[in-house]
Amino acid sequence: MNIEINSMKQKVFLSPESILKYLLGTDDHIDTIISCRGSEFDLTTYDYNLYEAVGSIKPYDNFKMARLTKLLEVVKIIPLEGTSRPILREERIEELRRLALAGSTPNSIKND
C-alpha cells in the first residue's frame, strides 16, 4: 500500500474486493479505515465498484445494513465514465468473494 500525504489527508481508493471485505467484516484494516475515519482519510470509489461488492453478498453472509450505511456516509462515490459496465456474472462474484474471504490483498486499497 502506497501512501501519499496530500494536504494532510491520505487519499484512499477502495476496490470492489475491499468494499466487500468491509461489508462482510473480514478485514480489520479496512474496517478501521472506514469505521473510524478521521480527517486524515479521503475515501473514494466508483459506483461500479460498489455495485460489484453489494452484488456479491450472499443471503447466508453475516451482512449488516449498518455497514453499508456507514460506507455511504464516509466514502465519496463517483461515476465510472467512459467504459462499459458489464453485467455482474457468477464468475466475477466468486472471484471477489475469494479475495474478500481469503484475507487482505496488496491491491485491495489504493492510495493516491
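The values are calculated or read from the model by the stated rules, or taken from the named source; none is laboratory data. No experiment lies behind these values; they were computed from the predicted model shown.
Brief remarks follow.
- Residues satisfying the stated conditions in region 2-27, i.e. among the acidic types (D, E) and modelled with pLDDT of 90 or more: E17, D27
- Among the residues of region 20-37, at least one is in a loop (DSSP other than H, G, I, E, B), at negative phi and among the β-branched types (V, I, T).
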